[in-house]
1. From the cross-link list LYS174/LYS251; LYS102/LYS298; LYS243/LYS307; LYS273/LYS298; LYS174/LYS310; LYS174/LYS273, which pairs have alpha carbons spaced over 28 Å apart?
2. Which one of THR303, ALA314, PHE293 has its Cα pushed farthest toward the positive end of the charge dipole of the range 288-350, where Lys and Arg give +1 and Asp and Glu give -1 at the Cβ?
3. Just subtract the alpha-carbon distance of LEU189 and ALA110 from 0.36 nm times their residue separation and send over the number in nm, one decimal.
4. Order these by the 10 Å Cβ neighbour count, fewest first: ILE138, ILE301, ILE215.
5. With a cap of 16 neighbouring Cβ atoms within 10 Å, and only residues DSSP puts in a loop, list the trypsin sites (Lys or Arg not before Pro) found in the range 203-258.
6. Could you compute the net charge surrounding ILE160? Neighbours are other residues with a C-beta less than 15 Å from the C-beta of ILE160; K and R count +1, D and E count -1.
7. Can you tell me how much longer the chain between ASP131 and ARG180 gets when fully stretched, taken as 0.36 nm per residue apart minus their C-alpha distance, in nm with one decimal?
8. Could you check the spin-label model distance between GLU326 and ILE155? Points 7 Å from the Cα along Cα→Cβ, value in nm.
Amino acid sequence: MDAAINQQRLIEIPESVIDIDIMMGERTGTGHGVGSAAIRLVADAALSDPSVPFVIAAGLRQGRIPGRAGVRRRPERAMCADGAAPSASAEPMNESNPRFWKVFFEVYEALPRQGPGNRACAVRAISLCHDMPPAPVILDLGCGVGGQTLHLAEITSGPIVAIDRHAPSIERLKATLAERGLSERVQALVGDMAHPAQPPESFDLIWSEGALYNIGIENALRICHELLRPGGYLAFTDAVWRKENPPQEVKASFDLDYPTMGRVDDVLVAIEKCSFELLDHFTLPDEAWWDDFYTPMKLRIETLRSKYAKDDEALALLDQLAQEPEMHHRYSDYYAYEFFVVRRLPNRSMGCARSVNDTL
Ligand code: SAH
């Protein structure tokens, strides 16, 4: 690995942070996903401890951590394509600074949700599931603090299992459920949607907003196919490009967080490949970005600016986070969030074939 790049990455690690280095052997040993698997194991073990708020895998080429452009967040996720170092120019501003993540979560965990979406879109997506049992059994994957889980609980009347791997989000959801008397009906679990530990063919509806891409869309579709009863529904959102040649700022943001992001047609191909029937898809309207996401985010950032008025480093990090809604103001015609509603065919079908790349 380039010594200059390595040196550039040296940062002071605070005492509360455990730093683990991984060294790959011969260059021919790279590119096989070994580093990725090792980091994933360590990260999963660490994240199973609720006192660990997040894991940062700095210096990895893919999925290094969150997107700023906002759209998608996988802050606690540690994974990489091949363990190689990214080019120095791809280095995000402050994300190798552990303080970034403290401030990041201070902003994000306080929001009603961690990505775009709203109740009206949830109602519209559910209305496309025309043949649902009266009290459907629902699984919400990558639920975050549960913005959409609570909407689902209002709109439907069956049991809900909500899973997210970020333990503090699940803690917050559990508290909200207790306040609203929903703890019996809605089960909030810390877990990995790649290994959801739920019985096969047990759900009438799987829901996932802004989260499936974290484990690769095709891989996620295959997992959902197995978990749905025949004839069951899957409703999910995914970020998509809607215009060619996005400005460099937008492209760089998505390249960091969702390098394989495609267009609506690419998702439709994956849906078909996985033997799902497409019921419909629609683009989230602008208010779904603002009402429960960017507007509260801007307010939260302002509140924290007062809290950190004398702390230049925190203020700079807040400025960095504030760029995301600004970018959406300027460039939202280049990308969108699309809601896809699909159905597992009523007769038992194969689902989609596994592909090694899907899991990366
Ligand atoms: N659905 C929520 C949160 C979207 S942000 C909303 O729309 O508001 C994406 C969420 O996916 C984050 O909460 C993140 O912790 C979660 N996530 C990412 N990878 C995951 C995985 N492998 N298993 C479970 N949750 C995951």
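A short reminder: the numbers here are calculations on the coordinates, not readings from a lab. For clarity, every value in this text was computed on a predicted model and none was experimentally measured. Glycine also receives a Cβ, built like all others from the backbone with ideal geometry; neighbour counts cover every protein chain displayed.
1. Listed pairs above 28 Å: LYS174/LYS251; LYS243/LYS307; LYS273/LYS298; LYS174/LYS310; LYS174/LYS273.
2. The Cα lying farthest towards the positive end belongs to PHE293.
3. Numbers: separation 79, 0.36 × 79 = 28.44 nm, distance 1.89 nm.
The LEU189-ALA110 span can extend by a further 26.5 nm.
4. Details: ILE138 26, ILE301 19, ILE215 23.
Fewest-to-most ranking of ILE138, ILE301, ILE215: ILE301, ILE215, ILE138.
5. ARG242, LYS243
6. My count for the surroundings of ILE160 gives -3.
7. Between ASP131 and ARG180, full extension yields 14.8 nm more.
8. Output for this residue pair reads 3.4 nm.
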